[in-house]
Amino acid sequence: MPTKKRPITKSGRPRKRKGVKIEPTGLGPKDLFLSERPPEVAELARQVEDDGGAVLATYREPLGGHALLFAALPIDKVERTAFQRDISDAHVRKLTLAMDKTRRYLDPIIAVRQDGKYLSPNGGHRLTALQELGAKAVLALVVPERKVAYQILALNIEKAHNLREKALEVVRMYRDLAGVGEVKESELALELEEPAFATLGFAYEKRGRLSGGAYHPILRRVDAFLDEPLSRAMAERERRADVLLAFDDAVSEAVAKLKEKGFDSPYLKAFVVARVNPLRFMKGETPPFDELLAQMTKRAQGMDPGKVKSEDVARSGGAAEAEA
């Protein structure tokens, strides 16, 4: 199937996507190479060398013109960021087997320096595979600005996150950032991506097997970024997670009642959520988070299995409950 192409402007460039504001630097390939280290990375380069690493190149990336280091780092000084998603053993196994077969490591990780260590926000699987294979060094793009470590969800090029992984990574990042300063949650829209991820992340911490996929579309419509410092916003996110879990309890009870009546379908939870969700009938402004969840919880608690028909459940088929 041919790839759909973007409309072309008079200049011959693809038309910008909605919300994109950047104007590229216009730097060509030869402009990206830096024969001398600019001030913004000179000290970082010295630290890399003092740490036992080697700066292989200094260059500018082509969009914003930011100076970066391409470096070989001692692998024992590189760690995953605390908020990064959990390591998938199956994914590491695939990587180690591929590296073993090809005898090559080709994809540099991203790293930021902190307290004599190098934190990688996106290279956990590659780093683990290299460690298992006994490598002494890892190639990295070393970024001077630590904030990039928190923007990696938006820039992620690794194995796609499922909802649970993304939400848990957001909440780990949330806790880490809350200890840094008084930045407001609303100022971190890029890093956190969606307010729903924060609420779901705190909920997943309390209930690891939560069927978050059933609730994510609802949260996306009623959850919003909080105009509060993270240290205070965290308590509200914890509270919203509890509200969501109370709704999940009510949904689970309704599912159990349906099963007692003889209904047997992998989509019972999706059916219950759809049945009690008033948003599908609403136009315009949606109700606040608490009002909607309270209404849906009450509906789920009062659901009468005797009024449910088998064809109603059959029509709800297709919404995934499990998250790989």
* Which of Val143, Val92, Gly123 sits closest to the plus end of the dipole of the range 29-155, meaning its Cα is farthest towards the positive end, when Lys and Arg get +1 and Asp and Glu get -1 on the C-beta? -> Val92
* Asked: Which of Asn277, Asn122, Asn162 moves the most in a Gaussian network model of the chain with Cα springs under 10 Å?
  -> Asn162
* So what's the angle, to the nearest 10 degrees on a 0 to 90 scale, between helix 230-260 and the longest Cα principal axis of the chain? -> 40
* With +1 on each Lys and Arg Cβ and -1 on each Asp and Glu Cβ, how big is the dipole of the range 29-155 about its Cα centre, in debye rounded to the nearest 20? -> 400
* Check the straight Cα-Cα distances from Lys16 and name the lysines below 16 Å, setting aside those fewer than 8 residues away within the same chain. => Lys4, Lys5
* Quick one: Thr25, Thr81, Thr102, fewest Cβ neighbours within 10 Å first, how do they rank? -> Thr102, Thr25, Thr81
* Asked: Using a cut-off of 15 Å between alpha-carbon atoms, which aspartates and glutamates can reach Lys309, once sequence neighbours fewer than 8 places away in the same chain are excluded?
  -> Glu260, Asp264
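Can you check what the net charge comes to around Asp31, using other residues whose Cβ is under 12 Å from the Cβ of Asp31 (Lys, Arg +1; Asp, Glu -1)? Walk me through the numbers on the way to the answer.
Values: positive: Lys30, Arg60; negative: Glu61.
It works out to a net charge of +1.
Which pairs, out of Lys206/Lys283; Lys21/Lys147; Lys166/Lys269; Lys94/Lys117, put more than 31 Å between their alpha-carbon atoms? Before the final figure, lay out each step's value.
Values: Lys206/Lys283 33 Å; Lys21/Lys147 20 Å; Lys166/Lys269 22 Å; Lys94/Lys117 27 Å.
As for pairs spanning more than 31 Å Cα to Cα, those are Lys206/Lys283.
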* Asked: Pairing the Cα long axis of helix 124-133 with the longest principal axis of the chain, what angle in degrees results, from 0 to 90 and rounded to the nearest 10?
  -> 60
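Taking the Cα centre of the chain as the origin, how large is its charge dipole in debye, to the nearest 20, when only Lys and Arg (+1) and Asp and Glu (-1) carry charge on their Cβ atoms? The partial results should precede the final answer.
Numbers: 55 positive and 48 negative charges, 327 e Å.
My answer is approximately 1560 debye.
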* Asked: Hey, fewest Cβ within 10 Å first, where do Arg299, Arg220 land in order?
  -> Arg220, Arg299
* Dmax and Rg, reported as Rg then Dmax, of the range 29-155 (C-alpha, Å) -> 14.7, 43
* To do: May I ask for the Kirkwood hydrodynamic radius of the range 17-57, worked out over all distinct Cα pairs and given in angstroms to one decimal?
  => 12.9
* For the chain, built as a Gaussian network whose Cα springs stay under 10 Å, the top-fluctuating residue of Arg207, Arg37, Arg15 -> Arg15
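Could you please rank Ser35, Ser231, placing first whichever residue has the fewest other Cβ atoms within 10 Å of its Cβ?
Working: Ser35 5, Ser231 13.
Going from least to most buried by this count: Ser35, Ser231.
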* To do: Using only Cα atoms, tell me the angle between helix 212-222 and the longest principal axis of the chain; keep it within 0 to 90° and round to the nearest 10.
  => 90
* Structure fact -> Per the charge dipole of the chain (beta-carbon charges, Lys/Arg positive, Asp/Glu negative, Cα centre), the residue among Ala241, Tyr105, Leu200 reaching farthest to the positive end is Tyr105
* Asked: In whole Å, what three semi-axes, largest first, describe the equivalent ellipsoid of the chain built from its Cα gyration tensor (square root of 5 times each eigenvalue)?
  -> 44, 23, 21
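Coordinate-derived values only; no laboratory data. Keep in mind that this is a model prediction, so the values were computed, not measured. Every residue, glycine as well, gets a Cβ built from its backbone with ideal geometry; the counts of neighbours run over all protein chains shown.
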